[in-house]
Amino acid sequence: MKEIRNIAVIAHVDHGKTTLVDELLKQSGTFDAHQKVDERVMDSNDLEKERGITILSKNTAINYKDYKINIIDTPGHADFGGEVERVLKMVDSVLLLVDAQEGVMPQTKFVVKKALELGLRPIVIVNKIDKPAAEPDRVVDEIFDLFVALDANDEQLEFPVVYAAAKNGYAKLNLEDSNDNILPVLDTIIDHVPPSSGSVDNPLQLQVFTLDYDNFVGKIGIARIFNGKITKNQSVTLVKADGEKINGRISKLIGFLGLERIDIDEAASGDIVAIAGFETLDVGDTLADPNNPVGLDPLHIEEPTLSVVMSVNDSPLAGTEGKFVTSNKIAERLEAEMQTNIAMKYESSGEGSFKVSGRGELQITILAENMRREGFEFSLGRPEVILKEENGVKMEPFEHLVVDVPDDFTGVVIEKLGRKKAEMKSMTPTGDGQTRIEFEIPARGLIGFRSQFLTDTKGEGVMNHSFLEYRPLMSGIEHRMNGALVSMESGVALGFSIFNLQERGVMFIKPQDKVYVGMIIGEHSRSNDLDVNPIKGKQLSNVRSSGADEAIKLIPPRIPTLESALEWIEDDELVEITPKSIRIRKRFLDPTVRKRMAKKAKA
Ligand SMILES: Nc1nc2c(ncn2[C@@H]2O[C@H](COP(=O)(O)OP(=O)(O)OP(=O)(O)O)[C@@H](O)[C@H]2O)c(=O)[nH]1
Ligand SMILES: [Mg+2]
């Protein structure tokens with residue numbers, strides 16, 4: 001029997017977690033020599049592959065020397081921070097990756113804080129040391145300062161450091177060592193990660209930290225065994241978070257090795273396995289010995305901070321591009337999502353509409369993107385942050401924001417963020433003409449800020465943020481500065497009219513696009529909304545003058561994407577989403593109704 005070690009890989013987004021896990025899998029010999037392996041093989045679902053980010057944490061196991069090392073790869077994007085927090089309770093240490101150039105970033109702070117609070121002793125991996133601008137020593141200092149700032153204890157402060165270039169497949173304990181292979185990471189894990197504290201001789205206790213679904217076996221729970229032994233077909237008691245107990249049987253027991261899931265007959269304390277047999281399984285549930293059914297501490301699950309209203313598509317073009325358009329279908333789909341995605345919630349919010357809540361815009365757009373690919377049509381309203389009340393005070397979520405911008409743009413960025421009620425915390429030139437500025441800002445102020453920021457910094461700025469805490473509600477956060485160009489006709493847009501309209505703002509449509517009354521076809525260069533006619537053709541004259549059809553020059557439109565559209569809209573606007581199109585529209589299409597509602601809203 002191999003000894004087991006459990007570890008999670010944590011970091012800020014893109015610092016190289018999944019790439020490192022790739023290399024560990026390859027170089028430990030876990031794959032067969034002939035097995036062809038994709039890049040970032042753990043990012044297995046379509047959207048993960050396309051976007052190059054990890055969305056769901058996933059586990060794998062590596063055999064190395066006399067050990068079986070269970071490794072959980074976690075997502076680095078702030079919206080999925082809740083995943084990381086849960087996973088940390090399943091492991092006995094973490095590999096903390098930090099980019100050798102970027103250094104400590106907002107999500108680094110978030111994950112380190114959680115790991116230290118749980119008493120874990122991180123192993124620091126300074127990754128991407130191959131980058132020309134890498135400064136590994138500076139980054140180690142930054143990490144040390146971060147640990148001190150977060151009240152790390154003495155043991156935690158003595159973290160081992162491994163320098164790595166995961167992409168190039170090497171790691172080393174000293175910068176002057178040669179670039180051989182990635183094995184120093186595995187050796188450091190064996191040396192530093194403590195064995196599981198439970199015992200095979202205790203009564204069974206395992207806790208579910210992730211859910212999966214399989215059409216044949218039903219709900220699957222991925223769980224860590226904290227005590228005892230589990231065998232296939234064994235009778236166990238499911239202990240829910242509220243104390244309810246349900247007796248049942250393990251119908252399937254699955255073990256992990258590399259990318260394989262293998263049916264196994266038994267597993268013991270310390271290991272990570274998948275089990276099936278319970279339809280009511282939830283994250284945090286304990287499976288225990290029926291003779292001694294004691295539940296483990298429930299897992300803390302982060303509350304959603306952002307919500308959006310999803311409604312049946314009622315635009316004039318509804319049902320022309322999608323397969324599933326009814327509120328029943330949408331409800332069914334949302335229900336299925338919530339079966340495995342515990343960070344999200346939904347509730348009915350009136351006829352044909354649902355309030356969907358999650359941890360951030362990305363989480364919500366990913367659900368929406370998946371749905372449109374499956375053939376759904378629906379509309380989304382403006383994302384709203386979720387307020388809560390503490391001792392009679394209205395509170396709103398705040399975020400820690402870090403921007404890296406070319407020096408020339410610091411002024412405009414600070415000014416714009418000021419209008420969003422951001423408070424500047426520090427400003428440091430990072431050399432090479434760049435400045436890093438840190439802010440604390442109400443999450444509300446960040447909705448729609450990204451596109452503005454990219455425009456202001458000519459696409460050269462980088463921004464990162466993660467959840468900080470709830471604070472008393474702020475007032476006076478500025479909204480969008482520009483009005484909308486709204487179509488007053490239904491039909492097909494013509495190049496000629498777009499040509500005439502383009503001096504009034506930025507167009508969202510191109511010739512031949514379908515439009516309808518109340519659809520937003522562009523952003524007005526001024527602050528008011530403007531009704532315009534995008535389908536008006538050129539006046540035909542009797543006499544054809546030579547060269548009358550002089551070629552018209554159209555400025556390329558800014559075709560909205562799901563993200564950019566959601567960021568852009570105001571309260572009285574909606575994004576219409578179908579498998580083929582993303583359109584922006586006024587909530588009330590009829591101009592008279594719209595004006596009446598606007599007056600009402602002002603009053
Ligand atoms: N130069 C360099 N690039 C690297 C290295 N490791 C990873 N990368 C690149 O960094 C990018 C992000 O890598 P990922 O492994 O997806 O990062 P991640 O931390 O898993 O990202 P999330 O899961 O989305 O948080 C990819 O383009 C990698 O090729 C490295 O050692 N050096
Ligand atoms: Mg990843």
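Derivation of every value follows stated rules applied to the coordinates shown; laboratory data play no part. As the structure is a prediction and not an experimental result, all values here were calculated from the model. For neighbour counting, all protein chains shown are included, and Cβ atoms are generated from backbone atoms with ideal geometry for every residue, glycine included.
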At the level of C-alpha centres, the distance separating the stretch 209-237 and the stretch 97-128, in angstrom, is 31 Å
Filtered hits (lysines, Cα-Cα < 23 Å from residue 580, offset >= 8 within chain) -> 49, 323, 329, 510, 514
Sorted by chain and number, the residues with a modelled amide H under 5 Å from that of residue 257, at a separation of 5 or more or across chains, are 61, 262
Quick shape summary for the chain, equivalent ellipsoid via Cα gyration tensor, semi-axes whole Å in descending order, reads 47, 30, 23
For the chain, the longest principal axis of the Cα atoms and the Cα long axis of helix 410-419 enclose an angle in degrees, to the nearest 10, of 80 degrees
Contact order relative to length for the chain, counting C-alpha pairs under 8 Å separated by 6 or more residues, stands in percent at 10 percent
Here the averaged projected area of the stretch 1-115, based on the convex hull of its alpha-carbon atoms and given in nm², is 7.7 nm²
If one compares the long axis through the Cα atoms of helix 183-192 with the longest principal axis of the Cα atoms of the chain, the angle in degrees, nearest 10, works out at 60 degrees
One finds the C-alpha centres of the stretch 159-180 and the stretch 386-441 to be spaced, in Å, by 34 Å
So, over other residues within a Cβ distance under 13 Å of residue 576, counting Lys, Arg +1 and Asp, Glu -1, the net charge is +2
Cβ-Cβ cut-off under 12 Å around residue 218, Lys and Arg +1, Asp and Glu -1: the net charge is -1
Phi angles of the stretch 120-136, converted by Karplus (6.51 cos²θ - 1.76 cosθ + 1.60, θ = phi - 60°) into ³J(HN,Hα) in whole Hz with x for Gly and Pro, give 6, 10, x, 9, 8, 10, 8, 9, 6, 5, 6, 4, x, 8, 5, 9, x
Listed by chain and number, the residues whose amide H is under 5 Å from that of residue 64, excluding neighbours fewer than 5 places away on the same chain and using placed H, are 69
As straight-line cross-link partners of residue 109, the qualifying lysines (C-alpha separation under 24 Å, not fewer than 8 residues apart within one chain) are 17, 58, 89, 128, 131, 167, 420, 421, 425
Per residue, the convex hull enclosing the Cα atoms of the stretch 298-369 spans a volume in Å³ of 100 Å³
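Where Lys and Arg each count +1 and Asp and Glu each count -1, what net charge lies around residue 58 among other residues with Cβ under 9 Å from its Cβ?
-2
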Residues meeting the amide H criterion for residue 517 (H placed from the backbone, H to H distance under 5 Å, 5 or more places apart or on another chain) are 490
Sorted on mean Cβ neighbours within 10 Å (highest first), peptides 250-263, 69-82, 307-320 come out as 69-82, 307-320, 250-263
What helix-only [θ] at 222 nm does the chain give? Using -39500 (n - 2.57) per DSSP H run of at least 4, over all residues, to the nearest 500, the answer is -6500 deg cm²/dmol
Taking Cα atoms, the helix 17-27 axis meets the longest principal axis of the chain at an angle in degrees (rounded to 10) of 40 degrees
In debye to the nearest 20, the charge dipole size for the chain, taken about the Cα centre with +1 at each Lys and Arg Cβ and -1 at each Asp and Glu Cβ, equals 2520 debye
In whole Hz, the Karplus estimates of ³J(HN,Hα) for the stretch 589-595 (6.51, -1.76, 1.60; θ = phi - 60°; x where Gly or Pro) are 6, 5, x, 5, 4, 4, 5
Computed ³J(HN,Hα) along the stretch 103-109: with the Karplus parameters 6.51/-1.76/1.60, θ = phi - 60°, integer Hz and x for glycine or proline, the list is x, 5, 10, x, 6, 4, 4
